[in-house]
Each structure stands twice: as C-alpha cells, then as structure tokens.
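**Student:** The structure follows.
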Amino acid sequence: MRRLPPLHPGQTPTNKMYNDLTNRVNALSKITGRSGVVVRPSENGVCITGSGTAGRSTLRRAYVKTTPSGTSAVDVYLDTDTTGTEAAVHCNIIGGNNLSSAFPVLTDGEWFYVVADTNTDTSGWSNVWPFIANTSC
C-alpha cells in the first residue's frame, strides 16, 4: 500500500486525500486477531502480538513413555523425556492403525513432533508427520 503524502500546515486536504485517509482508517478498524493473535492500534499504526496458550497449536517434542502395542495411541512426555508433562497422542498411520507395526518405530525414549488439537496439555495431541504401516510383499 502506498504512503499518503503529508499535509503541510494550513493545507486543506483534497477530496481524494480525505477519501484515501477515511478508507485506510476503516480498513484498520476491520483488522482482527485469531488463534491467540491480538491486534490493537498503536502510535505508529497497528501492534500485532501473540498471546496464545502455551502448547496450543505449537510444535512440541513428544518422548515415548511406553512402547505402544496394538493401538494408534501412545503415552508421551511433552518437551522433556521422563520429566515432561504426561499426555496421550493419537497417531495418524497411513495404511493401518497399529503403531507396533508402523514406521518409524516408536520405543521408550524416542521422540517425534506433535501439535495440540485442544488447549490442554494432557489431551488432544496428534503427530505432525504420519506413520506408515508396514506391509508384507
């Protein structure tokens, strides 16, 4: 967006200058924040800041607490192995639904990336990259 020319002391704005200014002020009033982003007017224009809940839609490491078997869910520690917040992760598996026969293999202490589906630390987590079911040829 191009800058408006400055007004000089005593100068009366033209209709075009006035309309440009009005349109820009109206456009600024329509800016809203979503998903933890706050938008507010400031001295120099608009201030945009993040204020989301920790962990919400944030990429985090999940360390496997117990090697999964026969299920598509796994118990993990978030951020730190053995001392992080405990959580359950529902894993997307291409071509199957069993983590014990999927690649990459998950064992105690291994980590993978997860994102939050809800705004709580203990439930509603999903893997970022899907697992792939092993199939015999």
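The values are calculated or read from the model by the stated rules, or taken from the named source; none is laboratory data. Computed from a prediction, not measured in an experiment: that's the story for all the values here. Cβ: placed from backbone, ideal geometry, glycine included. Neighbour counts: every protein chain shown.
**Student:** What is the number of the single condition among (1) at pLDDT 80 or above; (2) surrounded by 10 or more Cβ atoms within 10 Å (Cβ to Cβ) that residue 4 does not meet?
**Tutor:** (1) is the only condition that residue 4 fails.
**Student:** Counting just the residues of the range 60-87 that are part of a strand (DSSP E or B) and touching a helix residue (DSSP H, G or I) at 6+ places or on another chain (Cβ under 9 Å), which one comes out surrounded by the fewest Cβ atoms within 10 Å (Cβ to Cβ)?
**Tutor:** 73
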